1. Could you tell me which of the pairs Lys47/Lys70; Lys24/Lys59; Lys70/Lys206; Lys136/Lys255; Lys164/Lys236; Lys165/Lys187 are separated by over 32 angstrom between their Cα atoms in the structure shown?
2. Roughly speaking, to the nearest percent, how much of segment 5-149's 1.4 Å accessible area is carbon and sulfur?
3. Would you calculate the separation in nanometres between label points at Leu201 and Gln228, each defined as 7 Å from the Cα along the Cα-to-beta-carbon direction?
4. With equal scatterers on the alpha carbons only and no solvent term, can you work out the Debye log10 of I(q)/I(0) for the chain at 0.08, 0.12 1/Å?
5. Kindly state, to the nearest 0.05, the FRET efficiency for His91 paired with Asp13, given R0 = 30 Å and r defined as their beta-carbon distance.
6. Using the Karplus equation 6.51 cos²θ - 1.76 cosθ + 1.60 (θ = phi - 60°), what ³J(HN,Hα) coupling, rounded to whole Hz, does each residue of segment 206-222 give in order, writing x for Gly and Pro?
7. With a 1.4 Å probe and every protein chain left in place, work out the accessible area per residue of the chain in Å², rounded to a whole number.
8. Give, to the nearest whole percent, the P(r) tail of segment 49-166 beyond 23 angstrom, counting all Cα pairs.
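The values are calculated or read from the model by the stated rules, or taken from the named source; none is laboratory data. Being a predicted model, the structure only gives us computed values, none of them experimental. When we count neighbours, we look across all protein chains shown, and the Cβ atoms used for this are built from the backbone with ideal geometry, even at glycine. SASA here: full protein model, heavy atoms, side chains in, ligands and nucleic acids out. Shrake-Rupley method; radii C 1.70, N 1.55, O 1.52, S 1.80 Å.
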Amino acid sequence: MLYFVATPIGNLDEITLRALEVLKSVDLIAAEDTRHTAILLSKYGIKTRTVAYHKFNEKSAVDGLIDMLKSGKDIAVVSDAGTPTVSDPGHILTTAAIEHDVPFTVVSGACAGIDALVLSGLDTRAFTVLGFLPEKNIDRVRYVEPYKSLPCTLVFYSAVHDIKKDLLFLYEQFGARRVAVCREMTKLYETVTRGTLGQDLDIVEKGEFVIVVEGLKTNPLSELSVEQHIRHYVEKGEPIKDAVKKVAADRHVAKSEIYKVAVEMKDRE
């Protein structure tokens, strides 16, 4: 059996009894950083052998792990913190396990994205965990573009050396939405800074961060047909040109699309 085991995201006491039992009983632990995992294992007296399994050797290590599993060995996969495969190594191994008909399961526990979502105070009914932003700005812009118009809460991870840059970028892309910056979750100095993107937020630049951004607020006028939407503004005294601009902004579409409808309206009059 292959186990993806969630480990603490800060406080080492935050681990399940089942996780400890699995880590003790398996034949091998594939760890993102064996030195980091050794601290956790030492605290609980776990002597299971560990091997490195991280983003730099993930592809090359998969075949060996699958061979071990097919020979009857049990393996646990852990990341440095939280749930493996969530912005951490593991997805390639789940794909390979499915291809080779190797059974696997998840041993639940901490996940930084979920903890931050609750701490943020923002809408938890629907959310998207987007993990770390790409390094290059052009890749960042492409990465977030599909999510700008989503009404769900957005969750990003950020390293200490990127936090200011990431917050500025998110403001440039999403505008002045509500935001919560969660730092050092489950640790002694856990802090949550709530405010609005674009504000000068008082953040201590130490530790690990999760940024939670409010989803796009749907404009009730978008429930109207495009023609009804245009007429709404025209009846308020707006020139047709300005009405087209406002409708396009409300609906987050190109002005040319709205303009076509306005022309059709005019032709019928």
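1. Violating the 32 Å Cα-Cα cut-off are Lys70/Lys206; Lys164/Lys236.
2. C and S fraction of accessible area: 53 percent.
3. 3.8 nm
4. Result of the Debye calculation: -0.47, -0.83.
5. 0.60
6. Running phi through 6.51 cos²θ - 1.76 cosθ + 1.60 with θ = phi - 60° gives 9, x, 9, 10, 10, 10, 10, 10, 4, x, 5, 7, 6, 7, x, 5, 5 Hz.
7. Counting only protein heavy atoms, the per-residue value for the chain is 55 Å².
8. In whole percent, the long-distance tail amounts to 44.
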